[in-house]
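To start, the structure under review is shown below, and the notes come after it.
The values are calculated or read from the model by the stated rules, or taken from the named source; none is laboratory data. As the structure is a computational prediction, the values presented were derived from the model and not from experiment. Quick reminder, even Gly has a Cβ in these numbers, built from the backbone with ideal geometry, and neighbours come from all protein chains shown.
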Ligand code: CP3
């Protein structure tokens, strides 16, 4: 059994696993080289051989305990009929949502479009050592709806748009959950062993909408996973004290904390769950001693509990890969 699964399922904290969100990506020169030759990001994600190669890049460099398949949460809206534009250094832009197109997409068509991701998982699983797990992922419904309905400006929710289009958005949410479960099942069948559910924009939700857009959909998806014995890790970023309610209601095997969550608080309040992450990725831009000092807080706090070492959000593109290596070594040699 992989270290990650042993931690998530058996709650074993003796073999502490480490991996990083966005461990494959722009901070790695070997990724930038491939990216430069492949300007269309969607096509790159749908090239099974390249996706597999990129997935394995950080494993080769740092011998991390888990690989996360190289893809994107926005491939799901893409497979449901929206164009996605990943222009350089800008927030991704989707073409206007058309409910008619969306409602016409069948499970068969959806699976066919995303098939290269499943192929990439198959190839990667064969190339990855058995001691390492292969993580697949989805965007949580709310975070995808933000992009699908263009519900934010900079980092603010367009509350009026949400109110105005709420009936349609709620309707779309239901079908979206169904497709996300299909995507999870397909990725697991292809050979991934854990799923991470990214709710990156959960923190934008007003309290009055938190239940219908964050708690309920995450719970429904986690229950789907449980029925299929699929371990899941949720990441409801930015929800502050509501992490406690989230954990009590959603009950995923793992929960990733963001950099605003105090590790001591998390240890006290988040029970019956394996904690993951927390360390601010910005600290990796600082001198080594500072990174180690900040990392020590998490390692010490969680030393007697099952904990997965990771970050409070993805690695930043300007991170020096050498600092990542040093952090991994520091963590592994920590006594
Ligand atoms: O290594 C890994 O973590 C696996 C690959 C992965 C990517 N995106 C590749 C990617 C994963 C897990 C994601 C998840 C994702 N995508 C999220 C949830 C996590 C988070 O960061 O909050 C979100 C919100 C997206 C949507 C998205 N994709 C945005 C906002 C952007 C542009 C800004 C940015 O952060 O880069 C992307 C593009 C993207 N996805 C890149 C990569 C490597 C950069 C593409 C490039 O090379 O230009």
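Taking the criterion of being under 20 Å from the mean Cα position of the chain (by Cα), modelled with pLDDT of 95 or more and part of a helix (DSSP H, G or I), would at least one residue in the stretch 79-97 satisfy it? Yes.
Name the residues in the stretch 322-335 that are out of contact with any strand residue (DSSP E or B) (no Cβ under 7 Å at 6 or more places or on another chain), in contact (Cβ under 8 Å) with a residue 12 or more places away in the chain and either buried (at least 18 other Cβ atoms within 10 Å of the Cβ) or outside any helix (DSSP H, G or I) (or both), would you? If you could, list the steps in order and put the result at the bottom.
Of the stretch 322-335, the ones out of contact with any strand residue (DSSP E or B) (no Cβ under 7 Å at 6 or more places or on another chain) are 322-327, 329-330, 332-335.
The next check asks that each one be in contact (Cβ under 8 Å) with a residue 12 or more places away in the chain; those that pass are 323-327, 330, 332, 334.
Hits for the stretch 322-335 are 323, 324, 327, 334.
For residue 44, the conditions (1) more than 21 Å from the chain's Cα centre (by Cα); (2) farther than 21 Å from residue 133 by Cα; (3) part of a helix (DSSP H, G or I) all hold with the exception of (1).
Just one of (1) farther than 15 Å from residue 194 by Cβ; (2) not in a loop (DSSP other than H, G, I, E, B) fails for residue 26. It is (2).
Quick check, is residue 206 surrounded by fewer than 20 Cβ atoms within 10 Å (Cβ to Cβ) and either modelled with pLDDT under 95 or under 26 Å from residue 319 (Cβ atoms) (or both)? In short, no. Scanning the stretch 124-146 for residues that are under 23 Å from residue 3 (Cβ atoms) and more than 15 Å from the chain's Cα centre (by Cα) gives 124, 125, 126, 127, 128, 129, 130, 131, 132.
Evaluate the stretch 146-165: report whether one residue or more is touching a residue at least 60 places away in the same chain (Cβ under 8 Å) and part of a strand (DSSP E or B). Looking for residues that are touching a residue at least 60 places away in the same chain (Cβ under 8 Å) and part of a strand (DSSP E or B), one finds none in the stretch 146-165, hence no. For the stretch 20-39, the set of residues classified as exposed (fewer than 13 other Cβ atoms within 10 Å of the Cβ) and in contact (Cβ under 8 Å) with a residue 40 or more places away in the chain consists of 29 only.
Select, from 110, 137, the only residue that is part of a helix (DSSP H, G or I) and either closer than 23 Å to residue 46 by Cα or within 11 Å of the ligand (Cβ to nearest atom) (or both). Before the answer, list the steps.
Numbers: 137 fails: part of a helix (DSSP H, G or I).
On inspection, the qualifying residue turns out to be 110.
The condition (being buried (at least 17 other Cβ atoms within 10 Å of the Cβ) and more than 30 Å from residue 165 (Cα to Cα)) is satisfied by just one residue among 63, 129, 47: 47. Taking the condition of being under 21 Å from residue 147 (Cα atoms), away from the ligand (no atom under 16 Å from the Cβ) and in a helix (DSSP H, G or I), how many residues in the stretch 186-218 meet it? Within the stretch 186-218, residues that are under 21 Å from residue 147 (Cα atoms), away from the ligand (no atom under 16 Å from the Cβ) and in a helix (DSSP H, G or I) number 8.
Residue count for the stretch 281-318, restricted to those that are over 19 Å from the mean Cα position of the chain (by Cα), within 16 Å of the ligand (Cβ to nearest atom) and buried (at least 21 other Cβ atoms within 10 Å of the Cβ): 1.
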